[in-house]
Amino acid sequence: MLREVFGLLGKDFKSELRNKQALTSISLYLFSIILVLYYSLMRVERMTWTGLLWIVLIFLSINTVQGCFSREVKQRHWYIYTLARPLSVYFSKVLYNLILLLGLNALAILLIGLFFTLPVTHWPLFILTMVLSTSGISLIFTFISLITAKSGDQAVVMTILATPLIFPILMAGSRLCLVAIELIQDSNYYKDLLSIFAMNLITFALSVFLFPILWRD
Amino acid sequence: MVKLAWWKWVAIIIMPYVILMGFMVPLGQGIVNINPFIVKSLNTNTLTITGYNTRFNSEGKIKAWLRQGEWHLEADQVLVQDERHASLVFSIPVFPDSMQNQVDLSLVMDTPDGPLVLPSAVSLSQDVAHATPGFQAAGQWSKEMLTVREESNFNYPFRNILGETIRNTYFHVPLWFAMVMVFMFSVYYSYRYLRFKEIQDEWKTESLVAAGVLFGILGTVTGAIWARFTWGAFWSFDVKQNMTAISLLIYGGYFLIRSNLGDPDARARISSIYNIFAFVLLIPLIFIIPRRFDSLHPGSGGNPAFGSQDLDNTMRLVFYPAVIAYICIAFWISQIRYRIKLLYNKID
């Protein structure tokens, strides 16, 4: 099982490094978003900063995860389908998306810091928030991406389905961000962390239960 | 004689009862206006009050107190003008238990129809500069127990900003109960479909989700109308209003997936899976996240939702039956939709 997961993960990364299609396009996408934001906003208040960060992160994640199940050519898809267990496919995809998103989000935050500011004062909390919400986003988006792939594979469907579902994470996460940049005071912020963590667990358990049914045609 | 399942009879019998009781039972007495808002200590103050559904001029003595914590002060005189208007004369000594310049006082009245309470009715200004020279108070602040006559009429409580709109409790809140119930059963049928692969279960799921979405829309609309008359705007971006909008979006996704898929088996399987996934993610959205945000709704900011504050015993007599009736009606609607699907299938 573990070998299968890492094998599939290695395969995904290798094919990514070989054609560099997703990475280059997503990096360019990120860069152009931030340029557009820079020339339309020039400088941002701290309140706007969190909003900007989350908009960039969410649309970045949607574009990264979207199509992660339909990128394979048909033959290779069937090859993996017959060879690997559904759950190892799931774990490998979630891990792949998580690693990719963590890297891209770090890049996004770096670029935002370069073009605008980084008002973060409470770094451990900020990083913990980012890691937790990114994992939640990758869990939900991976699942929705498979649903989208199975139902016609239109990019807009992914956006429509995924955006409302990550709202709990978005609300708790942006609140935590406001705490991390000390715009609001909240001694109970661990409750938000806990609720994101709980949502990740629920999503994970649910996906483990539902993914194999969805994967098999 | 029409043959109907028992739970439909429940809905048929209870629904007129809810509508009748909801609209016919009068509201209890309350105070809608008090003038002035500020009273001064070491002075004689006359408060003019306007009541709602009150009968000040009926037989029986009326008493009034200003209260803060366990301290209270009785009015020297209660001058009744007509059934809705009265003047209360208070000569107020210095409030004993507070160093602050401003003290929030509630007004408590004892009438033949029962007690009348207006929380934070006036604020007491303790400024010594306003004192009347040679002021002698008739009463004193005391800590003795207040005794008031019991509420004698069958009516709904008068709440400050709610007024008559309190009746909407029976038509707005049960919609959400019914919606959640119907969604829960749709998840059950989704699970059954994935387990036994019978297409009927999938039709049941779809009908239940459709009924749930209908109830969700109705709940949003009744809520918006209620909000217009209490909070002042149809939509005030309250966290629960936003969450309902989002949950309706999530279920919009359910119908989007269905319309995208032509093959009935794939449609049934994928939409069932999405339905389970969406419902589970809906739980934190509706029940957990709003508690962390300030809301105009009761039940947020850590308050219990259906404590004794919100519902009194008279309202419970109507509210709980209303919940049952609405749930039955939601299932009824979904059943009709399901039967239409069955008939269409017979034609094809």
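The values are calculated or read from the model by the stated rules, or taken from the named source; none is laboratory data. All of these numbers come straight from a predicted model, not from anything done at the bench. Backbone-built Cβ (ideal geometry, glycine too); neighbour counts: all protein chains shown.
Observations
- Filtered residues of segment B:298-323 (kept if surrounded by fewer than 18 Cβ atoms within 10 Å (Cβ to Cβ) and at pLDDT 75 or above): B:ASP312, B:ASN313, B:THR314, B:ARG316, B:LEU317, B:TYR320
- Among residues of segment B:292-317 that are assigned to a helix (DSSP H, G or I), those with a Cβ under 7 angstrom from a residue that is modelled with pLDDT of 50 or more, sequence gap 6+ or separate chain, pair up as B:ARG292/A:LYS191; B:ARG292/A:ASP192; B:THR314/B:PHE154; B:THR314/B:ASN155; B:THR314/B:TYR156; B:MET315/B:TYR156; B:MET315/B:THR169.
- Matching option when the condition is over 18 Å from the mean Cα position of the chain (by Cα), in contact (Cβ under 8 Å) with a residue 12 or more places away in the chain and within 13 Å of A:SER133 (Cβ to Cβ), among A:ARG216, A:ARG175: A:ARG175
- Among the residues of this structure, A:LEU35 does not count as one that is assigned to a helix (DSSP H, G or I) and surrounded by 14 or more Cβ atoms within 10 Å (Cβ to Cβ).
- Just so you know, in segment A:126-156 the residues that are among the aromatic types (Phe, Trp, Tyr) and crowded, with 23+ Cβ neighbours inside 10 Å include one that is farthest from A:ASP217 (Cα to Cα), and it is A:PHE141.
- Residue list for segment B:219-258, filter: over 19 Å from B:TYR193 (Cα atoms) and more than 17 Å from the chain's Cα centre (by Cα): B:PHE237, B:ASN242, B:MET243, B:ALA245, B:ILE246, B:SER247, B:LEU248, B:LEU249, B:ILE250, B:GLY252, B:GLY253, B:LEU256
- From the list A:PHE116, A:PHE126, the one residue that fits, being over 20 Å from A:LEU23 (Cα atoms), modelled with pLDDT of 90 or more and out of contact with any Asp or Glu (no Cβ under 8 Å at 6 or more places or on another chain), is A:PHE126.
- For segment A:182-196, the set of residues classified as surrounded by fewer than 17 Cβ atoms within 10 Å (Cβ to Cβ) and either touching a Lys or Arg at 6+ places or on another chain (Cβ under 7 Å) or more than 11 Å from chain B (Cβ to nearest Cβ) (or both) consists of A:GLU182, A:LEU183, A:ILE184, A:GLN185, A:SER187, A:TYR190, A:LYS191, listed by residue number.
- A residue that is of a type in the set (Phe, Trp, Tyr) and either part of a helix (DSSP H, G or I) or touching a Lys or Arg at 6+ places or on another chain (Cβ under 6 Å) (or both) occurs somewhere in segment A:43-53.
- Within segment A:12-39, residues that are within 17 Å of A:ASN105 (Cβ to Cβ) reach no partner that is at pLDDT 85 or above and not in a helix (DSSP H, G or I) with beta carbons closer than 6 Å at six or more positions or on different chains.
- Residue check for B:ALA210: over 23 Å from A:ALA205 (Cα atoms), more than 8 Å from chain A (Cβ to nearest Cβ), within 18 Å of the chain's Cα centre (by Cα) and surrounded by fewer than 22 Cβ atoms within 10 Å (Cβ to Cβ): no
- Going through (1) of a type in the set (A, V, I, L, M); (2) crowded, with 21+ Cβ neighbours inside 10 Å; (3) modelled with pLDDT under 90 one by one, B:ILE286 falls short only on (2).
- For segment A:197-217, the set of residues classified as surrounded by fewer than 20 Cβ atoms within 10 Å (Cβ to Cβ) and facing another protein chain (nearest Cβ under 10 Å) consists of A:ALA198, A:ILE202, A:ALA205, A:LEU206, A:PHE209, A:ILE213, A:ARG216, A:ASP217, listed by residue number.
- Positions within segment B:270-289 being under 14 Å from B:LEU256 (Cβ atoms) and more than 9 Å from chain A (Cβ to nearest Cβ), in sequence order: B:ASN275
- Some residue of segment B:251-261 being closer than 30 Å to B:ARG159 by Cβ and either among the hydrophobic types (A, V, I, L, M, F, W, C) or surrounded by fewer than 20 Cβ atoms within 10 Å (Cβ to Cβ) (or both): no
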